[in-house]
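Please treat every number below as a calculation from the coordinates, not as lab data. From a predicted model like this one, the values you see are computed outputs, not experimental measurements. Using ideal geometry, Cβ is built from the backbone for each residue, glycine included, and neighbour counts are taken over all protein chains shown.
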Amino acid sequence: MDPQLQQFIEVESQKQRFQQLVHQMTDVCWEKCMDKPGPKLDSRTETCFVNCVERFIDTSQFILNRLEQTQRGRGSLTESMSD
Amino acid sequence: MDSFGSDFSSGAAESGKMDPGTIMEQVKVQIAVANAQELLQRMTDKCFKKCVGKPGGSLDNSEQKCIAMCMDRYMDAWNTVSRAYNSRLQRERARI
């Protein structure tokens, strides 16, 4: 494949993964942080969104780490799911 | 936001100008369109939930006002999330 096209695909794919996560986190954090929409985003709500993003990523990392640990101890995920 | 009204299908194929540059530009436009659609879909969902109670025969003035504000707040939220996520990614990369 054209190397320019290859790089383009990689760059755009990464950009899309970013965009998708922003869509997803905005959605989820809106539910947690937004009361009645007002004339502007007050600082408390803005802080909530920032915290929400950080905690969402923490959650994702936590799950990956724990999954890795559980797999080392107890075999595969599907095994530990079968009870 | 890129314009998404124009039609790119006929010209390039007919004149044979499907070089990588043209393809990349077209793909970028399509990606931008897809992102705009996703944003609008989620915004509509959220603002309908926040602003429209029991659906009446039309959207009354207060509902319209609420939806307008909601749109702006959703954009603010989206931008805040985008910035926060970007910061976090940069922090993570700095650790490695």
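When the Karplus curve 6.51 cos²θ - 1.76 cosθ + 1.60 is applied with θ = phi - 60°, which whole-Hz ³J(HN,Hα) does each residue of region A:38-48 get, with x for Gly and Pro?
Couplings: x, x, 7, 7, 6, 5, 5, 5, 4, 4, 4 Hz.
Find how much the distance from A:Asp58 to A:Lys32 grows on full extension, using 0.36 nm per residue of separation minus their present alpha carbon separation; answer in nm with one decimal. Walk me through the numbers on the way to the answer.
Numbers: separation 26, 0.36 × 26 = 9.36 nm, distance 1.63 nm.
Going from the current span to full extension adds 7.7 nm.
Given only helices, namely DSSP H runs of n ≥ 4 each adding -39500 (n - 2.57), what is the per-residue ellipticity at 222 nm of chain A, to the nearest 500 deg cm²/dmol?
Working: 3 runs with 68 residues, N = 83.
Using -39500 (n - 2.57) per qualifying helix, the result is -28500 deg cm²/dmol.
When Cβ neighbours within 10 Å are restricted to other protein chains, what is their mean count per residue of peptide A:47-54?
Details: counts 1, 2, 8, 7, 1, 4, 9, 5.
Other-chain Cβ atoms within 10 Å of each residue's Cβ, averaged: 5.
In which sequence would A:Ser60, A:Ser43 go, from the one with the fewest C-beta neighbours within 10 Å to the one with the most? Working shown, then result.
Working: A:Ser60 11, A:Ser43 8.
Result, fewest neighbours first: A:Ser43, A:Ser60.
Please label the shape of chain A as rounded, prolate or oblate, based on the square roots a ≥ b ≥ c of the eigenvalues of the alpha-carbon gyration tensor (a/c under 1.5 means rounded; beyond that, a/b larger than b/c means prolate, else oblate).
oblate
Got a sec to turn the phi values of region A:18-31 into Karplus ³J(HN,Hα) couplings, 6.51 cos²θ - 1.76 cosθ + 1.60 with θ = phi - 60°, whole Hz, x for Gly and Pro?
Going residue by residue, I get 4, 4, 4, 5, 4, 4, 5, 5, 4, 4, 5, 6, 4, 4 Hz, with x marking Gly and Pro.
Return the sequence-ordered ³J(HN,Hα) values of region A:63-69 in whole Hz as given by the Karplus equation 6.51 cos²θ - 1.76 cosθ + 1.60 applied to θ = phi - 60°, using x for Gly and Pro.
My calculation for region A:63-69 gives 4, 4, 4, 5, 4, 4, 5 Hz in order.
Among B:68-79, A:29-40, how do they line up by average Cβ neighbours within 10 Å per residue, starting with the highest? Let's see the in-between values first.
Working: B:68-79: 18.6, A:29-40: 15.8.
Those peptides, ordered most packed to least, come out B:68-79, A:29-40.
Which pairs break 28 Å Cα to Cα here: A:Lys40/B:Lys28; A:Lys15/B:Lys50; A:Lys15/B:Lys65; A:Lys15/B:Lys46; A:Lys15/B:Lys54; A:Lys32/B:Lys54? Numbers along the way, then the final one.
Details: A:Lys40/B:Lys28 32 Å; A:Lys15/B:Lys50 30 Å; A:Lys15/B:Lys65 34 Å; A:Lys15/B:Lys46 24 Å; A:Lys15/B:Lys54 39 Å; A:Lys32/B:Lys54 23 Å.
Those over the limit are A:Lys40/B:Lys28; A:Lys15/B:Lys50; A:Lys15/B:Lys65; A:Lys15/B:Lys54.
When you count, for each residue, the other Cβ atoms within 10 Å and take the mean per peptide, how do A:11-18, B:44-51 rank with the highest first? Present the calculation step by step, with values, prior to reporting the outcome.
Details: A:11-18: 11.9, B:44-51: 16.2.
Final packing ranking: B:44-51, A:11-18.
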